[in-house]
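Okay, so here's the structure we're looking at.
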Amino acid sequence: MLALSVYVFYGMVVFGLTYSGHPLEVPNAAKLLVNPLFLLSSVLWLSSRANARLVYFLDWTLGILLLLSLAQLLLYHASFDFRLVLGSDSSGQASSLYRPALYFWGLDDKNMFGARIALMGFVFMFIPVLTKRKLSLLRIFFAFLVAFLSLSRTPMVALLIGATVLGWLVLERKWRVAMLLAVAILLPVFLTQVVRIDSITSSNDGMGIRLIYWQAFFAHFSDLSIWGGGFVEASRFLEDNAKLYRGEPHIHNTLMTTYVEFGLIGFVAFTAFLGLFLRACYQQRQQWALWILLFLPIASIMMILYSGYDNDVMVYLALVWLVGTQQDVDFQQTKITVL
């Protein structure tokens, strides 16, 4: 609570000192106030009650949300005569799928929608492991299907990391080798067809743009103020220093964006908050494997997306607290089932 309070308070001070009238500044300041407060109140509330029924209803809610996401994506693909249903050749082509006139659910941004699908999908995969000691292959397939249809690489990578670690924890030792062999065999296909690694350094590729932004951050790190430049500093910094800039208001990395916006104090406070939150989780259930498993999806996504005060970060951390503190998880007694 102390680290999170310092992060929010200092961020608001920087906002007040650097406010320039940019249309993103006030909404981001509202996020900085509302979302950490939501996390704090959620954790305090969840810690004061029994949550078995809440987890039950969460399971149904996530299933409905993913079904609605699937319906939205199928509508997008239908408008393209399903030409992109097996994947796209580039980030630009994938983004063209998201037609504003057809939008009714989720988010109209490919990467943000994909990241949200990954976070919801992983919790949806994990809940039966927690409540019934079973790993549902159908749920894994469903989560990956919705993520794949989003045409965003972010959810596929996050889900693959989470599902691989989950499988490792659940499988017996003799089957772990088989799983690693299967992953090794399928990895080249995944990297070329889904991640599109052959174009990952291209300047017209989403990941290539990220690499350009990160290179600018480290190459011109000394130009950044240690006190922070406010909510739109990333735009100014990238416009002045990146070899190519496409107008994003952040650097596609939570920690880098935090340093650019809120300087050293904000950066230290936010990283301390994450570390102390993880420690508080462990104090509730002393299972490091459990907490590492639950934190891996959000950690992988935060490295390529998001600002620290974004809705999805705080909501996912609240869900982590809810499902992770519910009861001890016996991975070795978990069975793999179809349903």
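The values are calculated or read from the model by the stated rules, or taken from the named source; none is laboratory data. Note that the structure is a prediction, hence the values are computed from the model and not measured. As a convention, Cβ positions derive from the backbone with ideal geometry for all residues, glycine included, and neighbour counts pool all protein chains shown. Accessible surface areas use protein heavy atoms only, side chains included; no ligands, DNA or RNA. Shrake-Rupley method; radii C 1.70, N 1.55, O 1.52, S 1.80 Å.
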Residue within segment 260-267 that is in contact with a helix residue (DSSP H, G or I) (Cβ under 6 Å, 6 or more places away or on another chain), open to solvent by 40 Å² or more (accessible area, probe 1.4 Å) and either part of a loop (DSSP other than H, G, I, E, B) or among the acidic types (D, E) (or both) present: no
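Consider F141 carefully, then state whether it is open to solvent by less than 10 Å² (accessible area, probe 1.4 Å) and modelled with pLDDT of 95 or more.
Against the criterion (open to solvent by less than 10 Å² (accessible area, probe 1.4 Å) and modelled with pLDDT of 95 or more), F141 does not qualify.
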Enumeration of residues in segment 1-29 that are closer than 15 Å to L40 by Cβ and β-branched (V, I, T): V6, V8
Residue within segment 81-101 that is without any contact (Cβ under 8 Å) to a residue 12 or more places away in the chain, on the phi > 0 side of the Ramachandran plot and out of contact with any strand residue (DSSP E or B) (no Cβ under 7 Å at 6 or more places or on another chain) present: yes
Residues that are at negative phi and charged (D, E, K, R), drawn from segment 133-179: K134, R139, R153, E172, R173, K174, R176
Hits in segment 75-101 (condition: touching a helix residue (DSSP H, G or I) at 6+ places or on another chain (Cβ under 7 Å) and either of a type in the set (A, V, I, L, M) or in a helix (DSSP H, G or I) (or both)): L75, Y76, H77, S79, L84, V85, S91, A94, S95, L97
Residue match in segment 242-259 (condition: farther than 28 Å from Q332 by Cβ, modelled with pLDDT of 90 or more and acidic (D, E)): no
Test: residue in segment 111-131 that is surrounded by fewer than 17 Cβ atoms within 10 Å (Cβ to Cβ), among the hydroxyl-bearing types (S, T, Y) and in a helix (DSSP H, G or I): yes
Count of segment 22-58 residues which are in a helix (DSSP H, G or I), touching a residue at least 60 places away in the same chain (Cβ under 8 Å) and under 16 Å from W321 (Cβ atoms): 11
Members of segment 271-329 found to be aromatic (F, W, Y), part of a helix (DSSP H, G or I), open to solvent by less than 30 Å² (accessible area, probe 1.4 Å) and over 19 Å from A3 (Cα atoms), listed by number: W291
